[in-house]
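Have a look at the structure below before the remarks.
The values are calculated or read from the model by the stated rules, or taken from the named source; none is laboratory data. The shown structure was predicted, so the numbers you read here are calculated from the model rather than taken from an experiment. Because the Cβ atoms are built from the backbone with ideal geometry, glycine has one as well, and the counts that use them run over all protein chains shown.
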Amino acid sequence: MIDFHSHILPGLDDGIQNFEESVEVIKEAKEAGFEKIICTTHNSGYFTATEDERIAKIQELEQQELGVELILGSEIYARTSMAELIEEREASTINDTKYILFEIPLHKDYPELKNVVFNLISKGYKLVLAHPERYATFQKNPKELEEIIDAGVYLQANYMSIDGFYGKESKKLVELLYRHNMISFLGTDVHCTGAYYCNVPKVSKRIIELVGEEKFEEMSNSNIQLVLENKEVELADYIPIEKTFLGKYK
């Protein structure tokens with residue numbers, strides 16, 4: 001398996017804070033079955049580690065020969081300057097490809113999203129929205145995600161969302177997204193030792209119950225490998241979300 005989303009580079013964001021914990025969490029990842037981890041350190045107004053700083057951390061960890069390949073990336077907080085940040089090497093695409101992992105505000109609407117998406121896609125980038133199930137705006141109206149997918153944006157779900165790790169609303173939405181074939185990639189979004197990778201085998205079984213073995217393999221491995229090779233990932237035909245007479249989404 002390949003972890004699309006992680007915060008394991010020590011001391012660079014709100015994830016792992018020291019080298020020893022980084023080594024430990026990589027060992028946990030290997031035990032859980034991961035062969036590669038994309039290191040998507042936050043890039044926001046608060047976390048601003050440069051590409052050179054992140055590469056140096058990866059190289060230091062690789063000297064430990066832990067049996068897991070570490071790959072450069074970023075989780076970029078959405079803003080109009082995203083392309084410039086990448087060009088200036090303040091933020092990184094996934095493995096120096098055209099794929100960008102980005103996030104939006106968790107607890108408030110983000111009306112600029114469509115403009116940001118159009119601007120980056122027009123520049124030739126391919127966008128992956130991190131953990132859509134966690135955003136309040138989509139929890140209120142999941143159908144808005146159909147417009148995002150139709151614009152060409154991929155969705156990356158967190159493994160632990162299916163277990164209620166981020167609350168019942170995230171759990172409910174991610175189950176809906178799985179049932180409607182809207183998720184292209186899976187990531188742990190790991191921030192510490194002892195709470196994420198050790199639970200992946202358990203939650204993977206629950207995801208497989210919803211999507212099947214073949215789809216799970218795509219989301220956890222083959223689709224991500226295509227990204228690493230800068231190849232096209234096919235956006236699967238999703239099932240439109242409907243709203244019931246009682247106002248619930250199904």
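Taken over segment 192-216, the residue count meeting the criterion of being touching a helix residue (DSSP H, G or I) at 6+ places or on another chain (Cβ under 9 Å) and either within 30 Å of Asn18 (Cα to Cα) or among the acidic types (Asp, Glu) (or both) is 13.
Being of a type in the set (Lys, Arg) and touching a residue at least 40 places away in the same chain (Cβ under 8 Å): is that true of Lys30 here?
Values: of a type in the set (Lys, Arg): yes; touching a residue at least 40 places away in the same chain (Cβ under 8 Å): no.
Here the answer is no, as Lys30 does not meet what is asked.
Inside segment 64-118, residues that are crowded, with 21+ Cβ neighbours inside 10 Å and among the charged types (D, E, K, R) make up a count of 2.
Picking from Asp163, Asp189, Asp109, Asp150, which residue would you name as being in contact with a His (Cβ under 7 Å, 6 or more places away or on another chain) and of a type in the set (D, E, K, R)?
Details: Asp163 fails: in contact with a His (Cβ under 7 Å, 6 or more places away or on another chain); Asp109 fails: in contact with a His (Cβ under 7 Å, 6 or more places away or on another chain); Asp150 fails: in contact with a His (Cβ under 7 Å, 6 or more places away or on another chain).
The match here is Asp189.
Looking at Phe19, Phe4, which one is at pLDDT 95 or above and touching a Leu at 6+ places or on another chain (Cβ under 7 Å)?
Criteria check complete, one pass: Phe4.
Summed over segment 119-148, the residues that are surrounded by fewer than 18 Cβ atoms within 10 Å (Cβ to Cβ), part of a helix (DSSP H, G or I) and touching a residue at least 40 places away in the same chain (Cβ under 8 Å) give a count of 1.
Pairing each residue of segment 207-218 that is in contact (Cβ under 8 Å) with a residue 12 or more places away in the chain and under 15 Å from Val174 (Cα atoms) with any residue that is acidic (Asp, Glu) and surrounded by 15 or more Cβ atoms within 10 Å (Cβ to Cβ), provided the two are 6+ apart or on different chains, yields C-beta distances under 7 Å for Leu210/Glu175.
Among the residues of segment 3-34 satisfying the criterion of being under 17 Å from the mean Cα position of the chain (by Cα) and of a type in the set (Asp, Glu), which is nearest to Glu60 (Cα to Cα)? Going through the qualifying residues, I end up with Asp13.
Looking only at segment 212-241, which residues are on the phi > 0 side of the Ramachandran plot and exposed (fewer than 14 other Cβ atoms within 10 Å of the Cβ)? Hit for segment 212-241 is Gly212, nothing else.
Could you identify the single residue in Glu21, Glu28 that is surrounded by 15 or more Cβ atoms within 10 Å (Cβ to Cβ), in a helix (DSSP H, G or I), in contact with a Phe, Trp or Tyr (Cβ under 8 Å, 6 or more places away or on another chain) and not basic (Lys, Arg)? None of the others qualify; the one that does is Glu28. Taking the listed residues Ala49, Ala83, the one that is assigned to a helix (DSSP H, G or I) and of a type outside the set (D, E, K, R) is Ala83, with no other qualifying.
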